[in-house]
Each structure stands twice: as C-alpha cells, then as structure tokens.
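To keep things clear, I will list the structure first and then write my remarks on it.
The values are calculated or read from the model by the stated rules, or taken from the named source; none is laboratory data. All figures in this text were calculated on a predicted structure; none of them were measured in a lab. Here the Cβ is made from the backbone with ideal geometry for all residues, glycine too, and neighbour counts use every protein chain on show.
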C-alpha cells in the first residue's frame with residue numbers, strides 16, 4: 001500500500017520524536033524506501049546509530065516496513081515514511097488555555113451585545129484568520145489521510161484571486177458584499193441530508209515582491 005500524501009502531527013510526543021535533525025533527514029529521505037545500510041552510507045553515519053533512530057521512528061508509526069531482504073546471513077529491513085509530507089498541527093505548539101465556564105444565556109444583555117460585536121471584529125483580525133486556517137489544515141489533512149487509506153479521493157475545491165484595494169475601507173465593504181453573496185449561494189445549494197461542506201474564505205496582504213537582482 002502506498003504512503004499517504006499527508007499526515008497530521010497533532011501529538012506532542014510524535015512531534016518531539018520527529019524534530020531532531022537526523023530524524024528529519026531520515027523522514028525526508030524515506031519518501032523513497034531504503035535500508036539502514038543505505039541510509040548510513042548516504043548520511044555518513046554509523047549503521048547502529050541510524051538503526052536506533054529508525055527504530056524510534058517506527059515505534060511512533062512515522063515510518064513502516066516495506067520489505068525484508070536476506071543479505072549475507074542477515075535480514076535487511078527496507079523502510080519507508082508513512083506519509084509523503086508531515087504537517088504540524090499549530091495547536092500542538094500553542095499553550096492550552098483553561099476552558100471557560102459555559103456562559104449564561106443573555107444574548108440581549110450589554111455583555112451579549114459586546115460579544116456579538118467582538119465576533120464581527122474578529123472577521124478582520126489576523127489572529128482569527130490564522131486560527132481558521134489552522135483548523136482547515138487540521139481537518140483536511142485528517143480526512144485526506146483517511147481517504148488515502150480507503151483508496152478514495154477527497155473532493156475539495158480551492159478559489160484564489162488577487163484584488164487591489166484603493167483604501168482600507170474598501171476591504172471592509174468587499175468583505176461584507178462577499179459574505180452576502182456567499183450566503184445567497186449557500187442557501188441556493190444547501191440540501192437537507194446532503195454531504196456537508198465547509199467553505200472558508202480569507203484575505204491577507206500579498207507579500208511584497210523581492211526586487212530583481
């Protein structure tokens with residue numbers, strides 16, 4: 001069975017195991033199968049040391065056995081990374097905040113109104129965009145890996161566009177109009193009992209192009 005395209009690193013211990021320099025090298029090289037003998041020769045490391053790191057990676061299911069070859073009275077194990085790319089869940093690197101107590105229903109109280117305005121303001125906060133993007137990475141990576149295991153294709157879509165705004169206020173007006181258009185389109189296609197999809201749209205300043213030369 002082929003390695004999955006992507007695997008989500010969402011456990012601190014697995015991430016710690018994978019982050020040492022030599023293990024990162026091994027994971028990158030093991031996108032294609034290789035044995036400890038091959039890897040030791042390529043990296044200029046003792047075979048015993050390479051074998052130790054391969055064992056640790058295998059225990060965390062970051063690499064897997066592809067085949068065993070008999071060579072000169074011993075068995076040579078050929079390993080391969082379990083995924084072509086390992087993506088780190090940003091939540092693993094974020095300190096966990098205490099879970100707040102459930103709020104008392106008070107949507108029309110001043111506190112409830114303030115919370116509503118906070119949610120609207122979050123639409124234009126960089127932190128909110130990063131949080132949503134991280135959630136997308138987390139969910140899509142997990143579903144893509146499961147689709148790979150089942151031998152099916154995960155159907156997704158991506159929309160990209162570049163827009164040049166004359167002034168900051170245009171960003172807010174554009175966002176409001178886009179939200180309204182998406183709401184209308186979602187209402188048209190939404191079908192009870194259908195396969196639910198999550199649409200995420202975000203915008204950010206394009207990085208400045210590096211000057212030629």
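Quick notes on this structure:
- Complete set of residues in the range 34-58 that are out of contact with any helix residue (DSSP H, G or I) (no Cβ under 8 Å at 6 or more places or on another chain), in contact (Cβ under 8 Å) with a residue 40 or more places away in the chain and closer than 25 Å to residue 11 by Cα: none
- Screening 144, 186, 206 for residues that are out of contact with any strand residue (DSSP E or B) (no Cβ under 7 Å at 6 or more places or on another chain) and touching a residue at least 24 places away in the same chain (Cβ under 8 Å) leaves exactly one candidate, 206.
- Some residue of the range 16-26 being surrounded by 10 or more Cβ atoms within 10 Å (Cβ to Cβ), over 30 Å from residue 137 (Cβ atoms), touching a helix residue (DSSP H, G or I) at 6+ places or on another chain (Cβ under 8 Å) and at pLDDT below 90: no
- From the options 95, 33, residue that is within 30 Å of residue 137 (Cα to Cα) and modelled with pLDDT under 85: 95
- Qualifying residue in the range 166-189 (condition: exposed (fewer than 13 other Cβ atoms within 10 Å of the Cβ) and within 30 Å of residue 4 (Cα to Cα)): no
- Any hit, the range 158-177, residues being in a loop (DSSP other than H, G, I, E, B), modelled with pLDDT of 90 or more and within 27 Å of residue 82 (Cβ to Cβ): yes
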